[in-house]
Amino acid sequence: MKFFRIDADSQRQLVDVMESELTKAENVDDESDIQVTYDRFGYDDITRYGFNRNRVHRNGTYFDDNGYGADGFDKDGFNSQGYNRGGYDKSGFDKNGFDRLGYGRDGYNKDGFSKLGFSKEGFDKEGYDKDGFNAKGLDRSGFDKQGYNWEGNYLAYVDNYIRKNTNIVIRNKTLIYSQGVKDLFINIDRAKSSFSYVDYVGSLVHLRRGLEELIHVALTYNNISIGDIAELTLYDRLNLAELKNIFSSQELAFYHNLRKEANDNGAHMGAVENKESTEFYLEEFIRFAHKWIENNN
C-alpha cells in the first residue's frame with residue numbers, strides 16, 4: 001500500500017469540504033416538507049436562495065436581492081406571482097379571477113349573477129328583472145308594466161294591489177278603478193322594487209311619478225278640469241290643491257319636500273346615498289296616498 005503526502009493548504013481544504021458536507025447532512029429544516037440543507041455558514045444553498053435559520057439573507061437583510069423573504073413574500077405580503085398569503089392579488093382576486101365573496105372582475109359570480117342577484121341580461125334566478133318583470137314583460141302575478149293581464153284588463157291588477165297592500169273595502173269603483181289610481185299603484189310598486197334592489201335614485205323617480213298621478217287624480221276628483229291643469233307644473237298643481245283645501249298642510253309640506261328631493265336627486269340622476277331618507281319618503285308617500293284614497297272611497 002502506498003501513502004501520499006499532502007501539504008498543509010491541501011489538508012485545510014479537505015477538512016473544509018468534509019465539514020461542509022457534514023453540516024449539510026446534519027442541518028435539515030424539520031419545519032418544512034421540503035428537505036432544506038444549510039452550509040457550514042448557516043445558509044441554505046438549494047431551496048431558499050440563501051436564507052439562514054433566522055430567515056436572514058446572505059445580503060444581511062430579511063429579503064433577497066429581488067425583494068422576497070424566506071417565505072417567498074415581499075414586504076407588502078405578495079409573492080412573485082402577485083398573490084398574498086391568502087391567495088389574492090392586490091385587486092382582491094384569486095388565481096381564478098374571483099374575489100373573497102366569489103365575484104369576478106366583471107362583477108358576476110361563477111353562476112353568472114351579480115351581487116344584486118342579476119345576470120348580465122338583467123334577470124334574477126327566477127327570470128325577473130329589477131322591476132319585477134320577466135322576458136315576456138309580465139310580473140309574478142301575470143301583469144304587464146301598465147298593469148294589464150293577458151286579457152287586456154287592469155282591474156285585476158288594482159284588486160290585487162288593494163288586497164295585498166291595504167285594508168280598503170272598495171265602494172267608489174269609479175275612483176278606485178280609474179286609470180290614474182292604477183298608475184299611482186304601479187309607480188308605488190316600482191318604487192318599492194327599486195328600493196329593494198338598492199336603486200334609491202330609481203325609487204325616487206317612481207315616487208315623483210306616483211305623486212304626479214295622485215295630484216292629478218285628486219284635482220280632477222274635485223271637479224277641476226283636465227284643461228285647467230294640463231299646462232301646470234307639479235309645483236303649480238300642489239299650490240292649486242292647497243288653494244282648494246284638498247290636502248292637509250302636513251301632506252302638502254311632505255309632497256313639496258318629495259318633489260324637491262326627487263328633482264335634485266332623482267330626475268336629475270344625482271347620487272342618493274341615504275337609504276334612510278329614501279325609505280322615509282317611500283313609506284310616508286304610501287301612507288298618505290292610501291289614506292287619501294280610503295277617505296274618498
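No value in this document is a laboratory result; all are computed from the given coordinates. Everything numeric in this text was worked out from a predicted model, so none of it was measured.
Which lysines have a Cα lying under 28 Å from the Cα of LYS90, excluding residues fewer than 8 positions away in the same chain?
Qualifying lysines at Cα under 28 Å: LYS75, LYS110, LYS115, LYS120.
By a straight-distance test (C-alpha under 28 Å), which lysines pair with LYS164 as possible cross-link partners, with residues fewer than eight away in the same chain excluded?
LYS125, LYS130, LYS136, LYS145, LYS173, LYS182, LYS192, LYS275, LYS291
In percent, how large is the relative contact order of the range 155-295, given Cα pairs closer than 8 Å and 6 or more residues apart? Please list the in-between numbers first.
On the way: 118 pairs, mean separation 37.0, N = 141.
The normalised contact order for the range 155-295 reaches 26 percent.
In terms of the Cα gyration tensor, with a ≥ b ≥ c the square roots of its eigenvalues, is the range 155-295 rounded because a/c is under 1.5, prolate because a/b exceeds b/c, or oblate? Before the final figure, lay out each step's value.
Numbers: a/c = 1.81, a/b = 1.17, b/c = 1.55.
Oblate, because a/c is 1.5 or more while a/b does not exceed b/c.
Mind running the shape call on the range 47-90? Use the C-alpha gyration tensor, a ≥ b ≥ c as the square roots of the eigenvalues: rounded below 1.5 for a/c, prolate if a/b tops b/c, oblate otherwise.
Numbers: a/c = 2.54, a/b = 2.20, b/c = 1.16.
It comes out prolate by the Cα gyration axes.
Compute the length gained on full extension between LEU155 and LYS244: take 0.36 nm times their separation in residues and subtract their Cα-Cα distance, giving the result in nm to one decimal.
Stretched out fully, the LEU155 to LYS244 stretch lengthens by 29.0 nm.
Grab the alpha carbons of the range 44-143, take their convex hull, and tell me the volume per residue in Å³.
So the per-residue Cα hull volume is 104 Å³.
For the range 280-297 and the range 149-164, what is the centre-to-centre distance using only Cα atoms, to the nearest Å?
19 Å
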